[in-house]
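Trainee: Mind looking over this structure? Questions follow.
The values are calculated or read from the model by the stated rules, or taken from the named source; none is laboratory data. All figures in this text were calculated on a predicted structure; none of them were measured in a lab. When the accessible area is computed, the model is the full protein with side chains, heavy atoms only, and any ligands, DNA or RNA have been set aside. Shrake-Rupley method; radii C 1.70, N 1.55, O 1.52, S 1.80 Å.
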Amino acid sequence: MGTDLCVPREKIGPEFRNEDLELVHVRVDEERNLRRLDTGAFVRNVVNEDPGDPAAFMMAMLEDVPADAAADELMVSTLLRGVPPAFVRLDDRDDETIVSKVMALDVDVAKVDLLISLGRVAREGGLTEEGLREMDRFLENLEGVEDVEGIEQRIRDRLL
């Protein structure tokens, strides 16, 4: 189980706008597809091999669509590059992930870029359980200071 940060197929572009993002709670089925936890509806394929460029990667997410998938509900992940699996894994369906905490922030910064930046910090520091807990606490603290004047500019200056 986990969370994915998706956009509908028609919203694919060089940059992902916050208003187009959808946090989707997913599970991997026996066919290695991601399906919604709540309804079981197909979201996208799991892509194991990086085909080399982002466009090919996105196409691979929708390459083998099962017969029960609704064409207008197909989505692709925005978490292609640099977001560690630990940022999306759920132990319990009611838990939060780093991705869900970033999405809950009420700030006007590019959330995909923020997640990529946090992923880079995690990789450079060697992502440990303690490091993940520290990042989790950081995001909880950040959520509490959203209304502080200049917080968005500080996020951009320090994290993006």
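Trainee: Counting only residues 5 or more places away or on other chains, whose amide H sits under 5 Å from the amide H of THR78 once H atoms are built in the peptide plane?
Mentor: Under 5 Å from the amide H of THR78 lie the amide H atoms of LEU5, CYS6, VAL7, each far enough along the sequence or on another chain.
Trainee: May I pose another question? Given the Cα-Cα distance of ASP94 and LEU23 and 0.36 nm per residue of separation, how much length would full extension add, in nm? Could you put the intermediate results ahead of the total?
Mentor: Numbers: separation 71, 0.36 × 71 = 25.56 nm, distance 1.35 nm.
Roughly 24.2 nm would be gained on extension.
Trainee: Among VAL43, VAL109, VAL26, which one shows the biggest mean-square fluctuation in a GNM of the chain, springs joining Cα atoms closer than 10 Å?
Mentor: Its mean-square fluctuation being the largest, the pick is VAL109.
Trainee: Using helices alone, I'd like the mean residue ellipticity at 222 nm for the chain: each DSSP H run of four-plus residues gives -39500 (n - 2.57), total over residue count, nearest 500.
Mentor: Per the formula, -10000 deg cm²/dmol.
Trainee: Leaving out ligands and nucleic acids, note down the accessible area per residue over the chain with a 1.4 angstrom probe, in whole Å².
Mentor: For the chain, the solvent-accessible area averages 58 Å² per residue.
Trainee: In whole Hz, with x marking every Gly and Pro, tabulate ³J(HN,Hα) for the range 2-15 from phi via Karplus 6.51 cos²θ - 1.76 cosθ + 1.60, θ = phi - 60°.
Mentor: 3J(HN,Hα) across the range 2-15, in whole Hz: x, 10, 10, 10, 10, 10, x, 3, 6, 9, 5, x, x, 10.
Trainee: With all protein chains present, how much of the accessible area of the chain (probe radius 1.4 Å) comes from carbon and sulfur, to the nearest whole percent?
Mentor: 45
Trainee: Could I ask something else about it? Which of the three applies to the range 91-160, rounded, prolate or oblate, going by the alpha-carbon gyration tensor with a ≥ b ≥ c and a/c under 1.5 meaning rounded?
Mentor: It comes out oblate by the Cα gyration axes.
Trainee: Next question. Given Cα pairs under 8 Å that are at least 6 residues apart, what percent is the relative contact order of the range 45-160?
Mentor: Relative contact order of the range 45-160: 23 percent.
Trainee: Something else now. Using a 1.4 Å probe and counting only protein heavy atoms, arrange LEU79, LEU115 so the residue with the most accessible area comes first.
Mentor: Listed by decreasing accessible area, they come as LEU79, LEU115.
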